[in-house]
Amino acid sequence: TECEKEPGSLLWIFVMVGNIVRGMGETPIMPLGISYLEDFARAENSPFYLACLHTATIVGPFLGLLLASFCAELFVDIGSVGADEITITATDARWVGAWWLGILICALLNLLVGIPFWFLPKSLVKEGETNEPEETSEKSVAPLQENDKNGTKQTMYEIAKGKLYWILFPSYFNFIPFLKALFHNPVYMLFICITVLQFSAFDGMISFMPKYLEQQFGKSASDAIFLIGIYNLPVLCVGYFSGGLFMKKFKINIYQAANIAFWVSLLEYLLYFAAYWTVCDTSPVAGLTVSYQ
C-alpha cells in the first residue's frame, strides 16, 4: 500500500519571522552600545563598562538555558493534556518539551525591556560633563535653519540635474567607501576572523553538547541544558568582569591588551586541545556499532 502523506504545518514560518524580527531589534544594541561607551565614557572607565556589557550578554543566555531546562521538563501539550495521560518520561527519546513556552516568556520580557528605550533623551551627555546651557543651543538653531534652506536648494538643483537616485539613497554612496576601507584594514579583518572562529566553537558546543550528554551519559534534555548553563556560562562572566577590572586598575593600553589577549587565547586553545585525550567509550547503538542480532 502507498503511504498516505499528511499535509504539513506552516507554523514554522511564524517562528522564523519572529526570530528575524527579534534579531533586527537586538542587533543594534551591541554596536550602538559599544559606540556610546567609546564616545561618551572616560578612557579609564571604558574597559570596565565594556566588560559589564559583555557580562550581561552572558548572563542572558545563562538565564535562558535555565528557563529552557525548566520548559523541557514540561510536556509540549501542557494545559491541554493531563498529567495522567502522559505515559512517557523526560528521558524518553519521544519526549518533546514545552519549547514554545520559553519563546512566549522571552517575547514578553523583550517587550517590557524595550519600553524604557522610548524615554531616552535625544542627546546624551559625556561622562563627567554637564548639559550645555540653553542659550548655546538657541544660538545654534539659526545656522541649522540656514543649512536646511541651503540643503533644500541643493536638493531641488540635484533633482533638476537628474540625480534622484543620489537623493533617495545617499547613505549607499557613503557606506561603500567605508566598507572598502574596512576590508583593506588588516587588523580589523584579523579581528573578524578570530571572532568568527571563537563564536563557531562556542555555537558548536551549545548546539551539540546537550545531545552528546543525552546519548553518552543518559541525561534528559532538561538536565543536559542545565549542566551546559551551570558549568560554562558563569565562568565566562567571571572572565569578562575580572578582565575589565584588570584593565581599569592597571590602565592597560591597546598594545598591552593585544599581547594579553594573544597569550590567554593561546593557553585557552592548548587546554581545549587536551580534550582530545579525554575520550569516552561509545555507547552501543543498534545498526551502527552493534548488530540487530
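The base-10 log of I(q)/I(0) for segment 181-236, evaluated at q = 0.26, 0.27, 0.30 Å⁻¹, reads -0.98, -1.02, -1.11 [Debye formula, identical scatterers on Cα atoms, solvent excluded]. One compactness figure for segment 53-134 is 1.81, namely its Cα radius of gyration divided by 2.2 N^0.38 Å. Using only the alpha-carbon atoms of segment 1-100 as identical scatterers, what base-10 log of I(q)/I(0) does the Debye formula give at q = 0.25 Å⁻¹? Values returned for q = 0.25 Å⁻¹ are -1.26. Rounded to whole numbers, the Karplus 3J(HN,Hα) couplings from phi for segment 62-68 are 4, 5, x, 5, 5, 5, 5 Hz, using 6.51 cos²θ - 1.76 cosθ + 1.60 with θ = phi - 60°, and x at Gly and Pro.
FYI, it's all coordinate maths here, none of it is from the lab. The structure presented is a predicted model; accordingly, all values stated were derived computationally and were not measured.
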